[in-house]
Amino acid sequence: MLLKVTNLKVKFESKTILENINFEIKENEKVGILGPNGGGKTTLLRALTFQIPYEGEIIYKEGTKVSLVPQIKNINRFLPITVGEFFSLFKIKLTYLKDFLKEDIFKKQIANLSDGELQKILILQAIFQKPDLLLLDEPTSFLDPINKENIFSLLEKFYQEKPFAVLIVSHDLSIISSFVERVICLNKNLICDGFLNQITPDIFEKLYGYKVGIYKHKH
Amino acid sequence: MDFYQALISILASVSLSVLSNFIVLRRYSLIGDAFSHVALPGVALALALSFDIFWGALIFLILGAIFIYLIEKKTSFYLESLVGFVFLFSLALGKIFIKDEELIESLFGNIKSTSTNDLILAILVLFLILGALFKFKKEFILITFSEDLAANYRINKHRVNFIFLFLVSLAISLGIKIVGILLVGSYLVIPPLFGMLFAKSLNKLILITGFYGFLTSFISVLLSNYFEFGPTLVLVQSIFFFLGFLFKNLFKNI
């Protein structure tokens, strides 16, 4: 077991944001977190990285390295540093990155990156820390379909090379379903926890509060 | 103005200009400007009990910072509203206790009242700020870039924020002696604006703003025989910004 969360509760002032959260993550497991806006997804990631006070237990296997990729909307892009400088802050050698990024990007300012480029850079930064658990907060929310694909093929490539556990927050089951095996549904409480085929329309109704159809594409 | 006073002005200008980069990048310009007014009751107290206004200002700024931090942690108020509240409270408190003839001096500063003690203070503050920027550069950058990302590297954001606020309080307290409570805010706003016209990296930004702090205060020292130092400095800073802006745009169009 890599991570065990027991009776997790997070309060902000008198408002309870998360309550009765119990789940486990195994090593190299790929898990998605679904839930409505304000359902506590980002809060859960912040608790898992010990940024906010919480009640209950969050226990990692000894020596577990966690890397969080924050939502790009929470990033201050006005910082006048180049992509090259950004990576050297984390002591990541640029030669390692040449397979994944075009060379001219290293001289580019962070402020001049597209959302897709910034997201890719944040993910590379996190992966090159060699995490045992990678936390991704809505990595595809602002991206076009091609960039969405790119992000997941990048993750898959690294996963195939050297597996790690992934916890990926998203609004969209169809986007993460090609990547994750298991899904946790979060709306203040844990609404579901199971494999993809166990997620039924009833669970979605409970999660989002209204009927949601699940359409399966025939390929 | 004697040689020591000129040196004090230049050293304080460099300290404030360099530190202000992180204030502007975190979009705290106006928050920092308002925050500097929290020093007024401290200045009033120092004048009443006749100790150095640097310490009076520093004590009130740090108390103000702790107070704001504690309330911010407990509530969801916006930081700018809280700072605004503490600023108005301090201004009112300070005005009641300060003598009218001392008010103008605390609002606009008086470089001619500084002594050799202040020179030692100015050197110490400059070394502390440059040392801290060197030691905590990665922490400051990461906290500015994304607090979530900073958490990945076991960076304690409360600790880093407190160190940062302490440095800002030190620099403001020194600046108040020279340009006063009202004008010290110019250091928190204008140098990074100038620097960002030309800097393509953070290191260059720090170098450019440091040099800008040196040059603008040096020119203001030369002009201080004819005009009052504080307002002159702000005007010189502004003129340099306009010139830089014009230069950059003309250069681009050629």
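The values are calculated or read from the model by the stated rules, or taken from the named source; none is laboratory data. Just so we're clear, the structure is a prediction, and the values are computed from it rather than from any experiment. Neighbour counts are summed over all protein chains in view; Cβ atoms, including those assigned to glycine, are modelled from backbone coordinates with ideal geometry.
Couple of notes before you dig in:
- The combined condition, being in contact (Cβ under 8 Å) with a residue 60 or more places away in the chain, on the phi < 0 side of the Ramachandran plot and within 12 Å of chain A (Cβ to nearest Cβ), is fulfilled by B:LEU202.
- Test for B:LEU246: is it in contact with a Phe, Trp or Tyr (Cβ under 9 Å, 6 or more places away or on another chain) and in a helix (DSSP H, G or I): no
- For A:ASN76: the one exception among (1) touching a residue at least 24 places away in the same chain (Cβ under 8 Å); (2) within 14 Å of chain B (Cβ to nearest Cβ); (3) in a loop (DSSP other than H, G, I, E, B): (1)
- Count of residues meeting criterion [of a type in the set (Phe, Trp, Tyr) and either at pLDDT 95 or above or surrounded by fewer than 24 Cβ atoms within 10 Å (Cβ to Cβ) (or both)] in the range B:165-192: 1
- Test: residue in the range B:84-98 that is within 14 Å of another protein chain (Cβ to nearest Cβ) and in a loop (DSSP other than H, G, I, E, B): no
- Residue in the range B:74-86 that is within 30 Å of A:GLN125 (Cβ to Cβ), without any contact (Cβ under 8 Å) to a residue 24 or more places away in the chain, in contact with a helix residue (DSSP H, G or I) (Cβ under 7 Å, 6 or more places away or on another chain) and surrounded by 12 or more Cβ atoms within 10 Å (Cβ to Cβ) present: no
- Residue in the range B:136-149 that is among the basic types (Lys, Arg), farther than 20 Å from A:GLN71 by Cα and within 9 Å of chain A (Cβ to nearest Cβ) present: yes
- Once the range A:44-62 is narrowed to residues that are of a type in the set (Ser, Thr, Tyr) and under 19 Å from A:VAL31 (Cβ atoms), the residue that is farthest from the other protein chains (Cβ to nearest Cβ) is A:TYR60.
- Hits in the range B:129-163 (condition: of a type outside the set (A, V, I, L, M, F, W, C) and either surrounded by 18 or more Cβ atoms within 10 Å (Cβ to Cβ) or within 16 Å of A:THR49 (Cα to Cα) (or both)): B:GLU139, B:THR144, B:SER146, B:GLU147, B:ASP148, B:ASN152, B:TYR153, B:ARG154, B:ASN156, B:LYS157, B:HIS158
- Cβ-Cβ under 8 Å pairs, at least 6 apart or on other chains, the range A:140-164 side surrounded by fewer than 14 Cβ atoms within 10 Å (Cβ to Cβ), far side in a helix (DSSP H, G or I): A:ASP144/A:GLY116
- Of all residue pairs spaced 6 or more apart or on separate chains, those with beta-carbon atoms under 6 Å, a first member in the range B:1-25 that is over 23 Å from A:PHE78 (Cα atoms) and a second member that is polar (S, T, N, Q) and surrounded by fewer than 21 Cβ atoms within 10 Å (Cβ to Cβ) are B:MET1/B:SER224; B:TYR4/B:THR116.
- Residue-level analysis places B:LEU107 outside the set of residues that are under 30 Å from A:LYS11 (Cα atoms) and assigned to a helix (DSSP H, G or I).
- Helices (runs of 4 or more DSSP H) fully within the range A:86-184 counting 3 or more residues that are away from chain B (no Cβ under 14 Å), over 18 Å from A:GLN71 (Cβ atoms) and not hydrophobic (A, V, I, L, M, F, W, C): A:145-161
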